[in-house]
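Worksheet: the structure to be examined is printed underneath.
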Amino acid sequence: MATINTYLNFNGNAEEAFRFYQSALGGELFIQRMKDTPDGDKLPVEEQTRAMHVALPIGNGNNLMASDILESAGHKLIPGNNYYISLHVDSKQEADRVFNALSAGGTVEMALEEMFWGDYFGSFKDKFGIQWMITAALK
């Protein structure tokens, strides 16, 4: 069983966009800042308040999610690279299976690994150019 959510990228205005989406869709907005991540204090001051993760529940277990890019890390926002399909699966084993199957012939952006926020996470662009994030909650 998996849950699919839309994940968007912004260049410093994720919070503004999500406050707009919240005004239209309702729901409780969650925002985690870059400065609250490990080594977040080492980022340029202007990037520390950017959104590391934003989530807005939009009903039936679906979430609209996003983050801001970090130009200091070499990220560049180009229309067409500002979205992901975020697939949440039930186990680490299922994450490995799905990640390996869908990324075959594609380009791995971040290999699956246990993340500081408590999930097993990885991302890639598949052989058709579609960007994916695979997540399994670690219990």
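Working note: Karplus 6.51/-1.76/1.60 with θ = phi - 60° gives the stretch 23-40 the couplings 5, 8, 9, x, x, 9, 8, 10, 9, 10, 8, 4, 5, 8, 9, x, 6, x Hz, where Gly and Pro are set to x.
Consider all pairwise Cα distances in the stretch 2-58 and report the whole-number % of them above 13 Å.
Details: 994 of 1596 pairs.
Above the 13 Å cut-off, the stretch 2-58 has 62 percent of its Cα pairs.
Calculated mean residue ellipticity, 222 nm, the chain: -6000 deg cm²/dmol, from DSSP H runs (n ≥ 4) at -39500 (n - 2.57) each, averaged per residue and rounded to 500.
Given the C-alpha atoms of the stretch 42-139, compute the convex hull and give its volume per residue in Å³. Convex hull volume per residue, Cα atoms: 128 Å³.
For the chain, what does the relative contact order come out to in percent, with C-alpha contacts under 8 Å and a separation of six or more? Provide the component values of the computation, followed by the final result.
On the way: 277 pairs, mean separation 33.9, N = 139.
Once normalised by length, the contact order is 24 percent.
Approximating the spin labels as points 7 Å out from Cα along Cα→Cβ, the Asp41-to-Lys125 distance works out to 3.6 nm. Just to confirm my numbers, what's the Cα centroid distance between the stretch 1-34 and the stretch 98-139 in Å? The stretch 1-34 and the stretch 98-139 have Cα centres separated by 20 Å. Beta bridges from DSSP with both residues in the chain: antiparallel share about 75 percent, rounded to the nearest 5.
Charges were assigned to the Cβ only: +1 to each Lys and Arg, -1 to each Asp and Glu. The resulting dipole of the chain about its Cα centre is roughly 280 debye. Solvent-accessible area assigned to carbon and sulfur over the stretch 25-110 amounts to 52 percent, based on a 1.4 Å probe. Label-to-label distance, Asn62 versus Lys92, with points set 7 angstrom from Cα along the beta-carbon direction: 3.2 nm. With all protein chains kept in place, the per residue accessible area of the stretch 1-122 amounts to 59 square angstrom at a probe of 1.4 angstrom.
The values are calculated or read from the model by the stated rules, or taken from the named source; none is laboratory data. Being a predicted model, the structure only gives us computed values, none of them experimental. As a convention, Cβ positions derive from the backbone with ideal geometry for all residues, glycine included, and neighbour counts pool all protein chains shown. SASA here: full protein model, heavy atoms, side chains in, ligands and nucleic acids out. Shrake-Rupley method; radii C 1.70, N 1.55, O 1.52, S 1.80 Å.
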